[in-house]
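First comes the structure, then the notes that go with it.
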Amino acid sequence: MKRLRYSITINSPKEKVWKTMLEDATYRIWSEVFMKGSHFTGDWSEGSKMLFLAPDECGKTFGMVSLIRKNRLYEFISIEHLGFLKDGVEDTTSPEVKAFAGAQENYTFTEKDRRTEVLVELDTVEEYAGMFEDTWPRALEKLKELAEA
């Protein structure tokens, strides 16, 4: 697996940036850069299961089955990806899933002088690295726009 890192500085306190990144209404806006209709079900509390979802081209829901490993309020979130959801069925055991199971996605929020640096670190398989290189910087710009409004 490959580790990718992206960061952006946002002119807002970390509490506002955190809420903008993780609350449902604004999450749907900035994450749409990845796929139209992106959303989640679950909550961000440590140990809870999350489903990161979007409709496919036929309108069926697909996504990622994940676990919140760590949650230090306004400072750090660690997500562990466990599998896929397709047609309402969770897959955590197929060979395709085993290629990336356990991948981490971490968000770190560091504030200085009411400006917040958001650092995103994630593990990915090589085939998705190019897509993330394109989309994460754009998603962080959208997050910045929302959090500075």
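How many of the residues making up the range 84-110 are surrounded by fewer than 18 Cβ atoms within 10 Å (Cβ to Cβ), under 16 Å from THR20 (Cβ atoms) and touching a helix residue (DSSP H, G or I) at 6+ places or on another chain (Cβ under 7 Å)? Residues in the range 84-110 being surrounded by fewer than 18 Cβ atoms within 10 Å (Cβ to Cβ), under 16 Å from THR20 (Cβ atoms) and touching a helix residue (DSSP H, G or I) at 6+ places or on another chain (Cβ under 7 Å): 0 in total.
The criterion of at least 2 residues that are among the charged types (D, E, K, R) and under 25 Å from LYS14 (Cα atoms) is met by the following strands (runs of 3 or more DSSP E) wholly inside the range 86-134: 103-112, 115-124. Just a yes or no: is a residue in the range 4-13 closer than 21 Å to ASP123 by Cβ and of a type in the set (A, V, I, L, M, F, W, C)? Yes; the residues of the range 4-13 include at least one that is closer than 21 Å to ASP123 by Cβ and of a type in the set (A, V, I, L, M, F, W, C). For the range 36-62, residues that are crowded, with 16+ Cβ neighbours inside 10 Å, farther than 20 Å from PHE109 by Cβ, touching a Leu at 6+ places or on another chain (Cβ under 9 Å) and free of Cβ contacts under 8 Å to residues at least 24 places away in the same chain total 2.
Only one entry in VAL33, VAL65 is aliphatic (A, V, I, L, M), in contact with a strand residue (DSSP E or B) (Cβ under 6 Å, 6 or more places away or on another chain) and crowded, with 17+ Cβ neighbours inside 10 Å, namely VAL65.
Taken together, the values in this text are just the output of simple stated rules run on the coordinates, not laboratory data. All values reported here derive from a predicted model rather than from experimental measurement. A quick note on method: Cβ atoms are made from the backbone with ideal geometry, for glycine too, and the neighbour counts reach across all protein chains shown.
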